[in-house]
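The values are calculated or read from the model by the stated rules, or taken from the named source; none is laboratory data. The model shown is predicted, which means the values in this text are computed figures rather than measured ones. Every residue, glycine among them, receives a Cβ derived from its backbone with ideal geometry; neighbour counts consider all protein chains shown. Side chains included, ligands, DNA and RNA excluded: accessible areas come from the protein's heavy atoms. Shrake-Rupley method; radii C 1.70, N 1.55, O 1.52, S 1.80 Å.
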Amino acid sequence: MNCIFCKIVAGEIPSTKVYEDDTVLAFRDIQPMAPTHILVIPKAHIPSVDGVNGENSAVVAHIFEVIPGIAAKEKLVNGYRVVSNCGSDAGQTVPHLHFHILGGREMTLEMA
Ligand code: AMP
Ligand code: ZN
């Protein structure tokens with residue numbers, strides 16, 4: 001499949017991994033927007049939040065189970081933001097479901 005994040009999952013494109021298990025991978029964003037900027041993705045291809053349904057939502061729950069541990073390991077003791085952009089108005093650029101973990105600085109209401 002011609003999907004950059006599927007290629008990262010397959011090891012065809014390098015990434016800086018911070019967490020991995022059977023169904024989930026987390027790696028550092030290549031263009032960080034905060035001191036800590038990590039992407040958490042399901043290994044299975046889901047195009048966006050719009051593609052989440054009763055068949056595949058368990059991995060989304062699992063992603064949210066692993067996020068606190070990733071944040072703790074990154075020492076985001078003052079908090080962090082979790083964002084998922086869905087579709088063009090939201091600025092989604094990679095059509096494989098991903099959750100941004102942003103931390104290490106104070107956030108404004110805008111993600112950027
Ligand atoms: P979004 O704009 O919400 O779809 O987020 C896509 C994110 O993927 C952006 O923050 C990009 O910087 C990031 N990104 C794109 N390609 C790579 C890559 N090869 N490794 C790590 N992050 C990437
Ligand atoms: Zn994919």
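In the assembled protein chains, K75 presents an accessible area of approximately 150 Å² (probe radius 1.4 Å). For K43, nonlocal amide neighbours, meaning residues 5 or more places apart or on other chains whose placed amide H falls under 5 Å from its own, are V24, L25. Cysteine residues of the chain whose Cβ has no partner cysteine Cβ closer than 4.7 Å: C86. A straight Cα-to-Cα reach below 17 Å connects K7 with the aspartates and glutamates E20, D21, D22, D29, residues fewer than 8 places away in its own chain not being considered.
Taking all protein chains as present, what is the carbon and sulfur share of the accessible area of the chain, in % to the nearest whole number, probe 1.4 Å?
Numbers: 3550 of 6620 Å².
Within the chain, the accessible surface is 54 percent carbon and sulfur.
Shape call for the stretch 43-112 from the C-alpha gyration tensor, a ≥ b ≥ c root eigenvalues: rounded (a/c under 1.5), prolate (a/b greater than b/c) or oblate? The shape class here is oblate. The calculated FRET efficiency for D50 paired with N78, based on their beta-carbon distance and R0 = 25 Å, is about 0.20.
Computed from label points 7 Å out along Cα-Cβ, the spacing between M107 and C6 is 3.0 nm.
With charges only on Cβ, +1 for K and R and -1 for D and E, what is the dipole size of the chain about its Cα centre, in debye, rounded to 20? Mind showing how you got there, number by number?
Numbers: 8 positive and 12 negative charges, 69 e Å.
For the chain, the charge dipole is close to 340 debye.
Cross-link partners for K73 among the lysines, with Cα-Cα distance under 22 Å and sequence neighbours closer than 8 places in the same chain left out: K17, K43. Only helical runs count toward this figure. For the chain, summing -39,500 (n - 2.57) over DSSP H runs of n ≥ 4 and dividing by all residues gives -6500 deg cm²/dmol at 222 nm.
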